[in-house]
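> Would you mind keeping the following structure in view while I ask a few things?
The values are calculated or read from the model by the stated rules, or taken from the named source; none is laboratory data. None of the values given here were measured: they were computed from a predicted structure. For neighbour counting, all protein chains shown are included, and Cβ atoms are generated from backbone atoms with ideal geometry for every residue, glycine included. Keep in mind that these areas ignore ligands, DNA and RNA; they rest on the heavy atoms of the full protein, side chains included. Shrake-Rupley method; radii C 1.70, N 1.55, O 1.52, S 1.80 Å.
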Amino acid sequence: MAFLDDRMTDDLAAGDWPDRLRDRLGLGHYRPTTVKPQIPVLAVRYRVEDVVKRAKKLLAAFPLAVPTVLDGDLCEWFFPSPAGLPYGRTLQLDGDADCRRKVAEVLSLRVPYKPDHIEAIGFIREAGAKAFDDPSAARREHLECLRRDPQGRKDFGTL
Amino acid sequence: MPSNVNPWLDRFAAQPDAALADLLAGEAWLPGLQRATACQALEVLFGDLPRQPAPTLWNLLDESLLAWLQSLKDCSDALIERPGGLRRFVTEASEGFRAVHRMELPRCSAWLETAFPELLGWAGRFVETADFDLVQSVMGAVANVQTDDRYRFVWLRACSDAANRRLRHRIDTALPGLASMPGDGAMPRQEVLLGLVRWGERLDPKNDHRAAREFQRRVRQIKAAFPHARDFWLERWGGVLARKDLAPHVQGWLGEVWPELKDHAARRHARVPVLPDNVRDVVDGLNERWCAEKSPGLLDEMESFLALLERYALATGDTFRLPASSVYLCRVVRDGAPGHGLAWMRRVLLWAPNNDQAWSLRADCLVRLGRAAEAEAVLWEAERRLPHNGKLRHQLAHLLALRGADTAAEWLLRGTVEENRHSRDELARLLWRTGRGGEAVDLLERFVRLHSDDPVTLYTLAMLYIAEGRNDRAAASFDSYMSHFGLNEWAKILERLLAAGAGGRDEARRHLAPPSKRVDRDAFDADAAARALAAEEADAPLLRRRAWGAEADLHFRMGDAPTAERIAGRALAEDADDTLATVVMALGSAAFRGRLRGRLDCFAGLLPVRLAALAGPTADEEAWGKLRHVFTDPDERGLIDLAQAGLAGGGAERDLMEWAERPTRPDDPWTGVLKDAIRRPGADFVGLARDALLEAVDPGTAGTLAA
């Protein structure tokens, strides 16, 4: 998965960036425990241009795509986005009642990583997050943000 | 959702085996963990649960995962038939193996460490690409759970095997496997450098444009992973770089990324055991002393000397001195101390698995220890690994004749009789014993006409004439023998028998019976013999199945399919997917081949099996093309071309000849023999293809664990 959002710069620059990114990107399956208190992660930064070049080489039609439920298993931490949005929205594990912490998520074609792609290496250490205690509340909050998004739909998710 | 209320755990507590199987199959409901891999999910689910006091869910996990892993062998066919096929099977099995060390499960870890050699042989079937390689997963798990250095040679072999282009990725597991072997002293262990060099020497600098870069990347990784002062590295590398037989391209590649190793500074700093100026003088001296008086102290001295040579081999990667001296000393002591000899030969085969003398002496020592059946199994395995080796073939034929397998013995001997005079002698005796005295005489007379000065043939011919009562011809042979060799001890025997009339004829007949090996051991060999035989016992099941497979192949070549199928059936009864027996049966039985073609997914990584399945005229070019697409290493392509030329009616002779022109490594004698045979006019591609396929079956770990 990848994200295109310059608003993530502060999180990346912070000392606890692994925990912050875990929460902002909705990676709820990364949960340190007593036995495994640290989960190593690697942040990789690459250009959209590189993805497009790779797609041309592989004759792939879609170098970038909006993530859908078909791209992975059904999961508490994934929420589809309304059709009008040109990207996905990650579920904020640490809450986003004001809808100010939205992150644009896309799927990109896999680019062969090189050493100069490495942005940072760190460890997720934070075991808890607001969403872990009440996933349903986190999902309701996220749905509300999608409904309020200017490119969203007010009735999104209504049966 | 906090892990301690995950509903899966409740189900696991009630039905551990089923719950775990579902989790590993990706079919369990794991709220909050759907995107996690099976291993990650287990880490989260169990991570906050207490491990003590037992019994806890951890203990239950340990038992359940152990049962699941042990069941994989029997269930693999069924699991591969599910949607997702081989890739899904490899992914799930890999997660299971990964969980063993990630979760630090003691029972699973202990089993994995013990079962490693057998698992390697089994996992070799399930290899599709670098991302779906079950061998890699097994190796990775064992690297993390091993408790000693018993698998040193398995890792070193894995480094060599990683030179194969298709298996290149395995170097990144084999080197850590070596590095993580527990032991004293500063890291990395010297074996890491040896493994790196073995791999580098087998890379092709001329035709593989990535080889240099990939080698140098691992060199940099080692430097970064083990930061040490300059002198530390000079001491470690010095002995290796001083070897005269070190491949120049390895020296060059090392020097480019490690400038301190370029000049001779490393050699001056080398920390290497000091050897005598003339090793040959030392072993000659030990020989003389043994001939003068055998003693346990002298055996200890020999053992110490060989241990010194082994330390030297470890420091430098030299694989000549230890085998050469060990073979020499084994010949010296085998009469009185075959137990010591056997142990030394087992050790040689760890360092030099293709040393034909070591195989031969290992079998000889086993016979002297009264283990003829084990000796025969060793020789079948040796014959399979080193086809066309006249000496080994002769030795095997002798043992077969001793147990009454005269037909097989005769077939083997006829294959070597042209170049090996002892085979002529043995064959003649066998023919005479089986009531074909006239044929035996004709055989030897023909060779005597060509080689009138061959003492063995002349002697045996004279003995035959005496046994047949043809004294006039016997006297002529005796005169011929005398004219070349004088009245030596053998001539005196002939003279006595000729003079003894009917009694001499009877005695000659006894001479022609197969001689049994005199078992004459000294008491101080008992402990060494017991240890060596115990180690042989551990190898016995695999060697026995290999022997059955090789013997079955012989009977197929002789045209005796019922016997062949019966013998191969014994191997398949012990292991339904025994690789060698499967290859042999596929080559020999069209019906078996047809059934095998329907389940080739279960042998995706085994080229010999897949080639054997294509034998016969019905396979199409597309099938051969698919194999060439998957098996990209040049030597594998050579094997495919040979198999197509020999077993499927031809079609790849030009590529085959190109491959046969390429140079061969000196430590790979069989490939050199094979290529020479292919280039010879009128080469028998059918026979060569069969030999090559059998030889290519993974040798496994028979004799590759600690001696």
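> Yes or no: region A:60-74 includes at least one residue that is open to solvent by less than 50 Å² (accessible area, probe 1.4 Å), away from chain B (no Cβ under 14 Å), under 30 Å from A:ALA137 (Cα atoms) and at pLDDT 85 or above.
Looking through region A:60-74, at least one residue is open to solvent by less than 50 Å² (accessible area, probe 1.4 Å), away from chain B (no Cβ under 14 Å), under 30 Å from A:ALA137 (Cα atoms) and at pLDDT 85 or above.
> Just a yes or no: is a residue in region B:438-448 over 16 Å from B:HIS511 (Cα atoms), of a type in the set (Lys, Arg) and surrounded by fewer than 18 Cβ atoms within 10 Å (Cβ to Cβ)?
yes
Listed here are the residues, each with its yes/no results for (1) open to solvent by less than 30 Å² (accessible area, probe 1.4 Å); (2) of a type in the set (Val, Ile, Thr); (3) within 14 Å of another protein chain (Cβ to nearest Cβ).
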{"residue": "A:PHE78", "(1), (2), (3)": "yes, no, yes"}
{"residue": "A:PRO82", "(1), (2), (3)": "yes, no, no"}
{"residue": "A:LEU85", "(1), (2), (3)": "yes, no, no"}
{"residue": "A:THR90", "(1), (2), (3)": "yes, yes, yes"}
{"residue": "A:ASP98", "(1), (2), (3)": "no, no, no"}
{"residue": "A:ASP116", "(1), (2), (3)": "no, no, no"}
{"residue": "A:HIS142", "(1), (2), (3)": "yes, no, no"}
{"residue": "A:LYS154", "(1), (2), (3)": "no, no, no"}
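> Pairs needed: first member in region B:399-413, more than 15 Å from B:ILE567 (Cβ to Cβ); second member anywhere, polar (S, T, N, Q) and surrounded by 17 or more Cβ atoms within 10 Å (Cβ to Cβ); C-beta distance under 8 Å; at least 6 residues apart or different chains.
Pairs found: B:LEU413/B:SER423.
> Looking at B:GLY616, B:GLY638, can you tell me which residue is crowded, with 17+ Cβ neighbours inside 10 Å and free of Cβ contacts under 8 Å to residues at least 60 places away in the same chain?
B:GLY638
> Just to verify a result, which residue in region A:129-140, among those that are out of contact with any helix residue (DSSP H, G or I) (no Cβ under 9 Å at 6 or more places or on another chain) and of a type outside the set (Gly, Ala, Ser), is least open to solvent (accessible area, probe 1.4 Å)?
A:PRO135
> On to the next question. Cβ-Cβ below 9 Å, separation at least six or inter-chain, first residue in region B:237-248 and more than 11 Å from B:LEU261 (Cα to Cα), second surrounded by 17 or more Cβ atoms within 10 Å (Cβ to Cβ) and of a type in the set (Asp, Glu): which pairs?
These pairs meet every condition: B:GLY239/B:ASP318; B:ARG243/B:ASP318; B:ASP245/B:ASP318; B:LEU246/B:GLU201; B:ALA247/B:GLU201.
> Is one or more of the residues making up region B:575-585 aliphatic (A, V, I, L, M) and at pLDDT below 95?
Scanning region B:575-585, I find at least one residue that is aliphatic (A, V, I, L, M) and at pLDDT below 95, so the answer is yes.
> Oh, and also: Which numbered condition trips up B:ALA372, out of (1) over 30 Å from B:ALA561 (Cβ atoms); (2) surrounded by fewer than 21 Cβ atoms within 10 Å (Cβ to Cβ); (3) hydrophobic (A, V, I, L, M, F, W, C)?
(1)
> Could I ask something else about it? Residues that are more than 15 Å from the chain's Cα centre (by Cα), at least 3 per element: which helices (runs of 4 or more DSSP H) completely within region A:1-99 meet that?
Passing ranges, in order: A:48-58.
> Can I ask one more? Against the definition (within 14 Å of chain B (Cβ to nearest Cβ) and under 16 Å from A:VAL106 (Cα atoms)), how does A:LEU27 come out, yes or no?
When the stated conditions are applied, A:LEU27 passes them.
> In region B:118-133, what residues are within 21 Å of the chain's Cα centre (by Cα) and under 16 Å from B:LEU600 (Cα atoms)? It would help to see each step written out before you state the result.
Here is the first cut: in region B:118-133, the ones within 21 Å of the chain's Cα centre (by Cα) are B:118-127.
Selection gives B:TRP122, B:ALA123, B:GLY124, B:ARG125, B:PHE126, B:VAL127.
> Take A:GLU126 and tell me if it is open to solvent by 20 Å² or more (accessible area, probe 1.4 Å), within 14 Å of another protein chain (Cβ to nearest Cβ) and touching a Ser or Thr at 6+ places or on another chain (Cβ under 9 Å). I'd like the intermediate steps shown before the answer.
Working: open to solvent by 20 Å² or more (accessible area, probe 1.4 Å): yes; within 14 Å of another protein chain (Cβ to nearest Cβ): yes; touching a Ser or Thr at 6+ places or on another chain (Cβ under 9 Å): no.
No.
> With the structure loaded, tell me whether B:ASP208 is of a type in the set (Asp, Glu) and surrounded by 14 or more Cβ atoms within 10 Å (Cβ to Cβ) or whether it fails that test.
Answer is yes for this residue.
> Go through region B:595-696 and tell me which helices (runs of 4 or more DSSP H), entirely inside it, have 3 or more residues that are within 30 Å of B:THR319 (Cβ to Cβ) and among the charged types (D, E, K, R).
The helices (runs of 4 or more DSSP H) meeting that bar are B:634-647, B:669-679, B:685-696.
> Among the numbered criteria (1) within 12 Å of chain A (Cβ to nearest Cβ); (2) of a type outside the set (S, T, N, Q); (3) surrounded by 17 or more Cβ atoms within 10 Å (Cβ to Cβ), which single criterion is violated by B:VAL100?
Only one criterion in (1) within 12 Å of chain A (Cβ to nearest Cβ); (2) of a type outside the set (S, T, N, Q); (3) surrounded by 17 or more Cβ atoms within 10 Å (Cβ to Cβ) is unmet by B:VAL100, namely (1).
> Mind checking which pairs have a first residue in region B:276-287 that is part of a helix (DSSP H, G or I) and a second that is open to solvent by 30 Å² or more (accessible area, probe 1.4 Å) and not hydroxyl-bearing (Ser, Thr, Tyr), Cβ under 7 Å, 6 or more apart or different chains?
Sorted first by the residue in region B:276-287, then by its partner, the pairs are B:VAL279/B:ARG321; B:VAL282/B:PRO276; B:LEU286/B:GLU301.
> Which of the residues belonging to region B:318-365 are closer than 23 Å to B:ASP522 by Cα and among the hydroxyl-bearing types (Ser, Thr, Tyr)?
B:SER325, B:SER326, B:TYR328, B:SER360
> Filter region B:246-275 down to the residues that are open to solvent by 50 Å² or more (accessible area, probe 1.4 Å) and touching a helix residue (DSSP H, G or I) at 6+ places or on another chain (Cβ under 9 Å) and list them by number.
B:GLN251, B:GLU256, B:GLU260, B:LYS262, B:ASP263, B:HIS264, B:ARG267, B:ARG268, B:HIS269, B:ARG271, B:VAL274
> Taking the condition open to solvent by 80 Å² or more (accessible area, probe 1.4 Å), away from chain B (no Cβ under 14 Å), over 30 Å from B:PHE46 (Cβ atoms) and outside any strand (DSSP E or B), does A:ARG110 pass?
When the stated conditions are applied, A:ARG110 does not pass them.
> Consider B:GLU113 carefully, then state whether it is touching a residue at least 24 places away in the same chain (Cβ under 8 Å), open to solvent by 20 Å² or more (accessible area, probe 1.4 Å) and assigned to a helix (DSSP H, G or I). Show your work before the answer.
Working: touching a residue at least 24 places away in the same chain (Cβ under 8 Å): yes; open to solvent by 20 Å² or more (accessible area, probe 1.4 Å): no; assigned to a helix (DSSP H, G or I): yes.
Here the answer is no, as B:GLU113 does not meet what is asked.
> Hey, another quick one. I need a count of the residues in region B:174-188 that are touching an Asp or Glu at 6+ places or on another chain (Cβ under 9 Å) and modelled with pLDDT of 95 or more.
Adding up the residues that qualify gives 4.
> Within region B:191-198, is even one residue surrounded by fewer than 16 Cβ atoms within 10 Å (Cβ to Cβ) and either under 20 Å from B:VAL154 (Cα atoms) or not β-branched (Val, Ile, Thr) (or both)?
Looking for residues that are surrounded by fewer than 16 Cβ atoms within 10 Å (Cβ to Cβ) and either under 20 Å from B:VAL154 (Cα atoms) or not β-branched (Val, Ile, Thr) (or both), one finds none in region B:191-198, hence no.
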